[in-house]
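Okay, structure first, notes after.
The values are calculated or read from the model by the stated rules, or taken from the named source; none is laboratory data. The structure presented is a predicted model; accordingly, all values stated were derived computationally and were not measured. Don't worry about glycine lacking a Cβ; one is built from the backbone with ideal geometry, like all the others, and counts go over all protein chains shown.
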Amino acid sequence: MTSLRAQLANLAQSNPDASKLDSVARRDSYIYSPTQAGKLSLDQLHQIGLDGLQQLINSDHEFQQFRHPLFGEAAKRTDRTLLEPEPAAQLKQTIEKFLYLLAPHILTKPSAYAIEWLVRRFR
């Protein structure tokens, strides 16, 4: 244990910036600052995305087809980086189709909320 403690002390001295890091995680985000984004849970982000999607569905029912594959409960557990090639390709195609349909709405708040979910969940 003493050896480990000494190694950690050496690392801390050689990297003084490490001690300046905030305790709050910082995350990339489409609509939030990195600090704000780091404070949002996956469930909160999912709800934000769902709210945006529902508003989009209210203006165009074509968005309904994306509720399950991109905004469903299973999507909360999907890690795109761990998918096999075929499911990853299907997910990519679904996201592209969603973004194509979203293009005319891109400047609206609902689209920003939906994009936030896609960015944070599927990278």
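Brief remarks follow.
- Residues that are in a helix (DSSP H, G or I) and small (Gly, Ala, Ser) were ranked within segment 66-81; the one that is farthest from the chain's Cα centre (by Cα) is Ala74.
- Residues that are exposed (fewer than 13 other Cβ atoms within 10 Å of the Cβ) and either part of a helix (DSSP H, G or I) or under 11 Å from the mean Cα position of the chain (by Cα) (or both), drawn from segment 32-48: Ser41, Leu42, Asp43, Gln44
Each row is one residue, and each column tells you yes or no for (1) modelled with pLDDT of 95 or more; (2) surrounded by fewer than 17 Cβ atoms within 10 Å (Cβ to Cβ); (3) on the phi < 0 side of the Ramachandran plot.
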{"residue": "Ser14", "(1), (2), (3)": "no, yes, yes"}
{"residue": "Ser23", "(1), (2), (3)": "no, yes, yes"}
{"residue": "Leu56", "(1), (2), (3)": "yes, no, yes"}
{"residue": "Ala74", "(1), (2), (3)": "no, yes, yes"}
{"residue": "Ile106", "(1), (2), (3)": "yes, yes, yes"}
{"residue": "Tyr113", "(1), (2), (3)": "yes, no, yes"}
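- Failed item in (1) over 15 Å from the mean Cα position of the chain (by Cα); (2) among the acidic types (Asp, Glu); (3) closer than 21 Å to Asp28 by Cα, with Glu84 passing the rest: (3)
- Scanning segment 76-92 for residues being of a type in the set (A, V, I, L, M, F, W, C), modelled with pLDDT under 95 and exposed (fewer than 13 other Cβ atoms within 10 Å of the Cβ) gives a total of 1.
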